[in-house]
Amino acid sequence: MRHRVNTRKFGRTSAHRMSMFRNMVSSLLEHEKIETTHEKAREVGRLAERMISLGKRGDLHARRQALRVVRGREVQAKLFGELAERFAGRNGGYTRVLRTRRRHGDAAEMSIVALLEPTAPAKEKGEKAPRKKAAAAKKAPSEKAKKADKTEKPARKKAGTKKAAAKKGARKKKSSRSED
């Protein structure tokens with residue numbers, strides 16, 4: 001049983017697997033999009049999200065932890081510079097995994113792992129985040145809604161309830177007649 005086992009082995013030794021993931025995460029951070037099998041994509045996405053969280057932290061210990069995984073000084077500079085700024089306003093969910101096709105040779109399910117687009121800049125303390133569209137629509141009703149309010153008729157009771165009450169009354173009458 002696989003209780004509480006969170007990683008997949010992919011038929012590789014642990015050193016080979018870790019090396020593969022380091023290369024894939026470095027490529028993802030450098031090019032911002034890679035295509036691989038779906039299972040590998042999910043694992044790479046998890047690891048890339050951890051690296052971006054380290055990049056957002058930005059202290060010396062985070063840099064050293066990220067260097068254990070990320071290959072190349074240029075990729076590390078991008079991680080702690082551009083990507084940290086891009087995702088400063090977001091708490092997690094930096095990557096997206098999209099299923100694309102089946103590979104011809106072995107029918108493996110392929111996916112694209114991509115970093116998300118830039119979000120709005122981070123808010124300063126004390127500022128509230130903007131509300132969603134539905135909340136804004138409630139505050140300021142549209143012109144159609146205003147017209148509908150003026151011409152709206154009072155609500156009627158459901159027609160089904162009258163019919164149901166009539167049927168119940170008819171049943172009671174039949175049962176009382178049969179008793180006589």
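What to note about this one:
- Ordering M24, M1, M18, M51 by the number of other Cβ atoms within 10 Å of each residue's own Cβ, fewest first, gives M1, M18, M24, M51.
- Estimated FRET transfer efficiency when R0 is 22 angstrom, pair A107-E32 (beta carbons, to 0.05): 0.20
- Rounded, prolate or oblate (a/c below 1.5 giving rounded, otherwise prolate when a/b exceeds b/c) for region 14-125 by Cα gyration tensor: oblate
- Shown for L54, L47: other C-beta atoms within 10 Å of each C-beta, ranked fewest to most, produce the order L47, L54.
- Phi to ³J(HN,Hα) by Karplus 6.51 cos²θ - 1.76 cosθ + 1.60 over region 10-16, Hz, x for Gly, Pro: 6, x, 10, 6, 5, 5, 5
- Total lysine pairs in region 14-125 at Cα distances under 26 Å, for residues eight or more apart or on different chains: 8.
Every read-out reported here was derived from the displayed coordinates using simple, explicitly stated rules and does not represent laboratory data. This one's a predicted model, so the numbers in the text were calculated from it and none came from an experiment. Methodologically, a virtual Cβ is constructed for each residue, glycine included, from the backbone with ideal geometry; neighbour enumeration extends over all protein chains shown.
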